[in-house]
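The values are calculated or read from the model by the stated rules, or taken from the named source; none is laboratory data. The model shown is predicted, which means the values in this text are computed figures rather than measured ones. Please note: Cβ atoms are built from the backbone with ideal geometry, for glycine as well, and neighbour counts cover all protein chains shown.
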Amino acid sequence: MSENDQSASGNVPEYSVSEISGAIKRILEGSFGRVRVRGEITELKRYPSGHVYLSLKDQGGKISGVIWRGSVSRLGIVPENGIEVIATGRVSAYGDRSSYQLVIDQMSFAGEGALLAKIEKLRQKLLAEGLFDPERKKKIPFLPELIGLVTSSRGAVLHDILTTLSRRFPRSVLVWPVAVQGEGAADQIASAIAGFSTLPQRPDLLIVARGGGSLEDLMAFNEENVLRAVAACPIPLISAVGHETDTTLIDYVSDQRAPTPTAAAEMAVPLRSEMIADLAHRGARLAGGLSRHLQLARAHTEQVTARLPDLPSLLDTARFRLDERGQRLELALPMVASRARQKLMGLEARMPSAAHFLGQKQAGLGLASAALAAGIRHRMQQERAGFVHARLGTETLIARIGLDRARLTGIAGRLEAVSPEAVLARGYALVQDARGKPVTTASGRPRGGAITLRFADGTRQGRLDPLGTEKEEQGDLGL
């Protein structure tokens, strides 16, 4: 290295990595401070810790950004990929990785174009799902008993709706106050709509209302969670957001859209004076119709009455007929009695006398008595003959029993002569092996095999010797 190079390198200051990183961090944070950056959101990530990491880009570059968990709820909007926004925060450097990022604490849409693009994108999505279909719309009740109202507790909207309802037809109103713009407004509105559905006494009608404002002020009524809460609500719902020219997505999902909050109250209940006038008109028409009906009925009754016969004449005719038939009955009754008496006398003349009738019965009774006596005598003769026959049969049976006893005694003697006990008594013995079977041959028996000898007066035990010579056979048998 030349002397010039050594002198030049000696004039260049030397820094450590931490010194350079700290210097850059101080310059960035000190030079920029709090800034507003406009760009399109990309690479959005939400972590379980609650922090949100993203990038803002435009045609010339990209900058990383972070929204700490404590700032997410106060951000103002819900960040999404593809939305052009204006982010407000401060530039911060991260020396460990030689990077910098924008720490965001506020965010707003970058003009109405970005808002309209977001609204149109959500509109197309819900339209494809069928949330705007007319078949889903529920009918608004004619005269609800209880009306639920979702709106701000402050402002002219609540006063206008209550005044209009009181003027047209007073009804009970249950107010659920919510924030209608700003951070958390959409969540409050969605919770209120869902909360009305869970009440023990649900309202018959819901009104979601807000006064006029800019497109950004009305964005809470274009949020997806609010629209899905309206679609899932089982209660008929009227939306009244903004002025007549303002249109939000809640108007497409609700069952009825009102141009203003006052118009919503007019749709909710009929005008009481008009109902009274209409009722009076209908009452007059009903009274006129009833009067005409009574007149027609009266005329018809008179016509029917004119065609009826004269009642006194009918009574006189019936009375004359009754008198005539009474006279005929008085004349006919003695004649009928006389005929019946003559018929009874004829029957009496043809009947036999009582003495003759009793004589016939006594003769029949005598014949029956004689037949019964003869039958008793015949039965006694039969019984006597049977007794003699039975006696002869008994003597024959005794003789037969004697013959059978003699025959049985002979058979028993023969059986006794051939019984094993008789054979043993004559001096014979029965040889049996250890299992109690008779031993009839000497061959094939093992030496020393156990045997049993059965005599007439008892049994003895013994063992067998092997077959041998005559001298051995004459020896001891080993008993």
Among 236, 203, the single one that is in contact (Cβ under 8 Å) with a residue 12 or more places away in the chain, closer than 20 Å to residue 136 by Cα and in contact with a Gly (Cβ under 7 Å, 6 or more places away or on another chain) is 203
Among (1) free of Cβ contacts under 8 Å to residues at least 40 places away in the same chain; (2) under 22 Å from residue 156 (Cα atoms), residue 225 falls short only on (2)
Checking 87, 110 in turn, the sole residue that is at pLDDT below 85 and among the aliphatic types (A, V, I, L, M) turns out to be 110
Hey, can you tell me all the residues within segment 102-146 that are farther than 24 Å from residue 182 by Cα and either in a strand (DSSP E or B) or of a type in the set (S, T, N, Q) (or both)?
124, 146
Of all residues in segment 20-44, which are surrounded by 11 or more Cβ atoms within 10 Å (Cβ to Cβ) and either of a type in the set (Ser, Thr, Tyr) or free of Cβ contacts under 8 Å to residues at least 24 places away in the same chain (or both)?
20, 21, 23, 26, 27, 42
Could you give me the residue pairs with C-beta distances under 7 Å whose first residue belongs to segment 446-459 and is in the same structural domain as residue 434 (by TED's automatic domain parsing) and closer than 9 Å to residue 424 by Cα, whose second residue is part of a strand (DSSP E or B) and of a type in the set (A, V, I, L, M, F, W, C) wherever it lies, and which are 6+ apart or on separate chains?
454/430
Go through 166, 152 for me and flag whichever is free of Cβ contacts under 8 Å to residues at least 12 places away in the same chain, among the polar types (S, T, N, Q) and surrounded by 12 or more Cβ atoms within 10 Å (Cβ to Cβ).
166
Just a yes or no: is a residue in segment 310-322 without any contact (Cβ under 8 Å) to a residue 12 or more places away in the chain, loosely packed, with under 10 Cβ neighbours inside 10 Å and not in a helix (DSSP H, G or I)?
yes
Does residue 229 count as within 41 Å of the chain's Cα centre (by Cα) and assigned to a helix (DSSP H, G or I)?
yes
When restricted to 355, 332, 349, the only residue at pLDDT below 85, out of contact with any Asp or Glu (no Cβ under 8 Å at 6 or more places or on another chain), assigned to a helix (DSSP H, G or I) and surrounded by 10 or more Cβ atoms within 10 Å (Cβ to Cβ) is 332
Kindly indicate the residue of segment 232-288 that is acidic (Asp, Glu) and within 38 Å of the chain's Cα centre (by Cα) and also nearest to residue 166 (Cα to Cα) among those meeting that condition.
255
